[in-house]
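I have placed the structure first, in the form of structure tokens, so that the comments after it can refer back to it.
The values are calculated or read from the model by the stated rules, or taken from the named source; none is laboratory data. Computed from a predicted model, the values in this text were never measured in an experiment. Cβ coordinates were reconstructed from backbone atoms using ideal geometry, including for glycine residues, and neighbour counts include every protein chain displayed. Ligands, DNA and RNA are stripped out before the accessible areas are found, and what is left, the full protein with its side chains, is counted by its heavy atoms. Shrake-Rupley method; radii C 1.70, N 1.55, O 1.52, S 1.80 Å.
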Amino acid sequence: MHGARFDIQQTWRKKMKRLMVMLSMVAVVLFATQAFTAEKDKEAITKNVDEVVAAINGGKGAASFAPDAYTPYVFIMEADGLLIVHPTLAEKDLKVEGMPIYEAIMAATEQGEWVKYDWKGSEKNTYIKRTDNNLVVGSGY
């Protein structure tokens, strides 16, 4: 009877070891996939913001952009914090609605910058760029 119990424990340990190895492998694959997806997202976001900035620099009015024309959405803000284009905050002051975001976004340059900030307990990554007339265009995840 004692030998059977030992066999069951050994079998259980082997199964647990296999399960741990498999879970570790799944975690590695998920992490690698997430990193690849984030990099692809960054490329798409950068491209979208650069296109909007180029269009505004070329004479297109900032207010003519639809807030949901890009995925993820692109926002356009005046330097004083007034959001011109945003899916839920258009015509609102970002300094009032979200000062930490406003402060991070003010790092925008004409060359473009990636900034990080916390918003409602989540880390956000946003690509921001200034237009020739000092508007801030951004998008992120």
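A few notes on this one:
- Within the straight-line cut-off of under 23 Å between alpha carbons, the lysines reachable from Lys124 are Lys40, Lys42, Lys47, Lys92, Lys95, Lys116, sequence neighbours fewer than 8 places apart in one chain being disregarded.
- Solvent-accessible surface of region 48-105, averaged per residue with a 1.4 angstrom probe and all protein chains in place: 50 square angstrom.
- Difference of contour (0.36 nm per residue) and Cα-Cα distance, Ile8 to Ala54: 9.7 nm
- Across region 117-138, the residues whose backbone nitrogen lies under 19 Å from the label position 7 Å along the beta-carbon direction of Ala69 are 127-138.
- Distance (nanometres) between label positions extended 7 Å along Cα→Cβ at Asp132 and Asp80: 2.4
- Arg18-Thr109 pseudo-label distance in nm [points 7 Å out on the Cα-to-Cβ vector]: 5.6
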